[in-house]
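The numbers here are math on the coordinates, done by the rules we state, and not lab data. Everything quoted here is computed from the prediction, not taken from an experiment. Backbone-built Cβ (ideal geometry, glycine too); neighbour counts: all protein chains shown.
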Amino acid sequence: MGARAYHHYHHHLHLQIPHRTLFPHSSPNPFSLRFLLHTHNHPTTLTTLTPTIRLFSRISSHDQQNPSPETPAYKQVFSRRMAMAGLNPRHRIAMGVSGGPDSVALCVLAAAWKADAGIGSNESDGCIDGLLGIVVDHGLRLESKYEAFCVSDRVSKMGIKCKVEHCDWSGGRPKLGHVQEAAREMRYQIFQNVCMENQIGVLLVAHHADDQSELFILRLSRNSGVIGLAGMPFTSQLFPMSVTYDVEELSNHGILLVRPLLEFSKEDMYKICQVDKQVWVEDPTNKSLLFARNRIRTSLSNISSPIIKSELLGIISACQKARSVIDKACLCLIKRCVTINNHGYAVIDLLELDPLNVQDLCLSKFIALVLQFISQRHRPVRGRTSKLLLDYMRNLPCKVHLTSSFWNLFLLFELTVALFHCSYCSWLLSLCSSQDLNHRLQTACGEKNLDMATVIEQIILDGKSQSESFVPNASDVPFLDVKSSESVLNEGKRCGILSEPTYQYILSLQKEEAREFHTKTEDPPEDDRCQETRSATTLSELIHSEVLYHFMNRFVVTWKFQKGIAEYITLPSNEISFKDALKGTNQNCFCSSCVVGQDNVAVVRHMIDADWLYLANLSTGLSLGHCQEKCMPSSPKVKNREKTTSCSDYAKLSAQRALRALKFIPLAARRSLPVLVNSQGLLLSIPSVCFEFCPYLSVSAVFKARVPLGGGHSSFI
C-alpha cells in the first residue's frame with residue numbers, strides 16, 4: 001500500500017525508530033513502523049507511513065527540558081471544574097481513554113489532582129487509589145486489539161489502573177458512514193458496564209472546547225435550535241440502554257458523566273502531554289473526510305483568527321446559558337404539573353401548566369422530557385410526536401388533565417384526556433401491592449449499590465450548589481424566543497456576540513456541511529418513530545419462574561407457582577377470603593388441572609384487546625372452554641373441564657375485580673401493561689390490576705423506569 005503523510009507543518013525529517021523505543025515492555029509488534037517527525041512551534045508529532053496503523057506521537061527533547069509555565073494554571077482550572085461537578089479527590093472515578101492527546105491529558109490532570117490531595121497508591125497494584133482508565137477496542141481494524149493493549153501499557157506506567165474491553169459486534173459491523181456513531185454507542189455502553197461492575201459512579205471523558213465548536217457547526221447544519229446548539233453538557237447522567245435480569249443492575253441511578261476539559265483547547269491538550277513527557281496516538285480514521293465531524297474539524301483547523309474562535313465559543317456559551325434557563329423552568333413545570341401513575345403513564349395538569357403562557361421553547365422541552373420518560377427512550381422524543389402534543393395543548397386549553405402513555409406515542413398517536421379519581425386506584429394499589437417484589441429489589445441491590453446511589457446523589461447535590469448561582473435570569477439571556485439555527489446566528493449578530501466576519505464564516509460552514517449532508521450517498525437512518533413502533537408491536541419475551549425481568553424498560557416482573565398438587569380446593573364465597581384461607585392449607589400445591597401447568601417458563605407481553613374480552617367473558621361465569629373458544633380461538637382447549645372448577649371460580653372473581661380496576665386506566669395506557677400467558681398463549685395474569693387465574697399463581701409487576709422523569713441530572717454551566 002502507498003505511504004501517506006499529513007502535511008500540517010512546513011518542515012519534516014524522516015526517522016526510523018525501533019519498536020522498543022515506543023513500547024519498551026510490550027510484546028513484539030507484527031507491523032513494521034516508520035515515522036515522520038514534524039518540527040514546528042507545535043508539539044512534535046510522529047506520523048506513521050503505514051495507513052492502517054494509529055499514529056504514535058511524542059515530544060522533542062527541547063520541549064522536555066522546558067516545562068510550560070501554564071502547567072499550574074491547567075491544574076487549577078481542572079481542580080475548579082471538578083469541584084463545580086461536585087467531585088473531590090476521594091471519589092472513585094473512571095476515565096474513558098483512547099490514547100489520543102485529549103485522553104492522555106485527562107489522565108495527566110486526573111492523576112495530578114489525586115496526588116496533590118494526598119491520595120496514595122493501592123498496595124495491591126501500586127496504582128493511584130480510586131482511579132480507573134477504560135480502553136475500548138472497537139475491533140473495527142485488524143491492529144486495534146494490539147493498539148488497545150499498547151495504550152493500556154502506557155496508562156499503567158502513569159500509575160493509573162487500566163482495563164481493556166472489546167466490542168462485540170454480534171449483531172453485525174456498522175455500515176460505512178455510520179461507524180463513528182455506532183462505535184460511540186458501543187463505547188459508552190461498555191463504559192457504563194465497567195463502572196457498574198467496579199462500583200464506580202463517575203466517568204470522565206476528554207471532550208474539550210474544540211469538540212464543542214465542531215458539534216455546534218454540525219448541529220447548525222442540521223437546523224438544530226438553541227437547545228441543540230448548546231452542545232455537550234458539562235455533567236449529565238447516563239442510564240444503561242438495557243437492563244439485565246440480574247436485580248443488582250436494576251438501580252436507576254445510572255452513572256455521572258463529567259467533561260472537565262470543556263474550557264481547554266486542543267492546543268492545551270498537546271501542551272499538557274508535552275510537559276508530562278507523555279506519548280500519545282493519532283487515529284487515522286479521524287482524518288477521513290467521509291465523516292461529518294472530520295470535515296468540520298478540518299475546516300475549523302484552518303481558522304487563523306483568534307477572534308473568530310473566541311466569538312464561536314461565545315455564541316456557544318450564550319446558547320448554554322439559554323438552555324440552563326430552559327432546563328430549570330422545565331424541571332419546575334414537571335414538579336408542579338406532572339403525576340406519574342404506578343401503571344406507567346403520566347397525567348399532566350393543564351390548569352396548573354397553563355400552556356398558553358409558557359414560552360414555546362420551554363413547553364417543547366417540557367413535552368420532550370415527559371415523552372422520553374413514558375417511552376423510556378435513551379434520547380428525548382422530538383419531531384412530529386412532540387409537535388402533535390404541543391399543538392394539542394395549545395389549541396385545546398379547556399381540558400383539565402392530559403394523559404400520556406407508551407402506546408399513545410408509538411402505535412395510535414391518540415391523545416386520551418380524562419379526569420382521574422385516585423381513591424379507588426389507591427385502594428387497588430394497597431390491595432395489590434407487590435411487597436415481596438419490592439423487598440427483593442431492596443435486599444438484592446445490597447449495601448454497595450445503595451451506597452453507590454447515595455454517593456451519586458450527593459455528588460449531584462454538591463454540583464448543583466456550585467452551579468445554580470451561575471444560572472442567569474431569563475431576562476438576561478438571548479435566544480429564548482428563536483426557533484431555528486439561522487435565527488440564533490442572526491440574534492447573535494444583533495446582540496454583538498458575533499461580528500460580521502465571524503457571522504459570515506459560520507454561515508459558510510453551515511451551508512457547506514448542510515449541502516454535504518443532503519447529497520451524501522450513505523444509507524439514511526430509519527425513522528425513529530417507525531423503528532420504535534415496529535419494536536413495540538412485537539414485544540413478547542420468555543420469563544422463567546422466580547426470575548426478575550425488566551419488561552419494556554418500565555416494569556419489573558416476576559412470577560412463581562407452588563410445586564405440589566391438590567386434587568380439590570374448597571372455595572370460599574369471595575376471592576379475598578380465599579386468599580386468606582390458603583394460609584391454613586398446604587402451600588406446596590396447585591390445582592392438578594390448572595392451566596398454569598408445570599412449566600417453569602411463561603411469556604410476558606403487553607396487554608391486547610382480546611385480554612379485555614377474555615376478562616369480560618370470564619367475569620360473567622362462562623366456563624374456561626367457552627372463554628377460550630370465544631376470545632382466543634387459536635388457543636388449545638383445556639381437557640377435563642370438570643376438574644377446573646376451583647380455578648375457574650377463583651378466576652371469575654379475580655376477573656370481576658380486574659375489570660373494575662381497568663375502568664380507571666386510560667385505554668392507551670392499558671396496552672402497555674404487562675401480561676403473563678402460558679406457552680399456549682392462554683392468559684394467566686395481569687398483575688397491575690391483580691388478575692390471576694389460579695390462587696396458587698403469584699405474579700408481581702412494579703413500575704420501575706430505566707430513565708427517571710426529567711432525563712436525569714445535567715448541567716451546562
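In terms of its alpha-carbon gyration tensor, the stretch 140-234 comes out prolate; a/c meets the 1.5 threshold, and the first ratio a/b outweighs b/c.
Available extension along the chain between Asn286 and Gln359 is 22.3 nm, counting 0.36 nm per residue and deducting the alpha carbon span.
Could you compute the FRET efficiency for Asn473 and Asp649, with r as their C-beta to C-beta distance and R0 at 60 Å, rounded to 0.05? That pair, Asn473 with Asp649, gives E of 0.35.
Modelled label positions at Leu461 and Lys387, each set 7 Å beyond Cα in the direction of Cβ, lie 4.3 nm from each other. The length gained on full extension between Gln504 and His178, counted as 0.36 nm times the residue separation minus their Cα-Cα distance, comes to 114.3 nm.
Packing here is the average count of other Cβ atoms within 10 Å per residue, and on that basis the peptides 456-466, 128-138, highest first, run 128-138, 456-466. Approximating the spin labels as points 7 Å out from Cα along Cα→Cβ, the His518-to-Ala453 distance works out to 4.9 nm. Between Cys332 and Cys495, the C-beta separation translates, for a Förster distance of 22 Å, into a calculated FRET efficiency of about 0.25. Highest mean packing comes first when the peptides 359-367, 693-701, 507-515, 117-125 are listed by Cβ atoms within 10 Å, giving 693-701, 359-367, 507-515, 117-125. Per residue, the Cα convex hull of the stretch 273-320 amounts to 132 Å³. Relative to the globular-protein estimate of 2.2 N^0.38 Å, the Cα radius of gyration of the stretch 156-209 stands at 1.36.
Normalised by residue number, the volume inside the convex hull of the Cα atoms of the stretch 106-175 is 102 Å³ per residue.
Across the alpha-carbon set of the stretch 227-373, the Rg to Rh ratio works out to 1.07, Rh being the Kirkwood radius. Loop-located trypsin sites (Lys or Arg not before Pro) in the stretch 96-201 (DSSP state other than H, G, I, E, B) with a sparse environment of at most 14 neighbouring Cβ atoms within 10 Å: Lys175. Full extension of the segment from Phe149 to Gln199, taken as 0.36 nm per residue of separation minus the current Cα-Cα distance, would add 15.7 nm.
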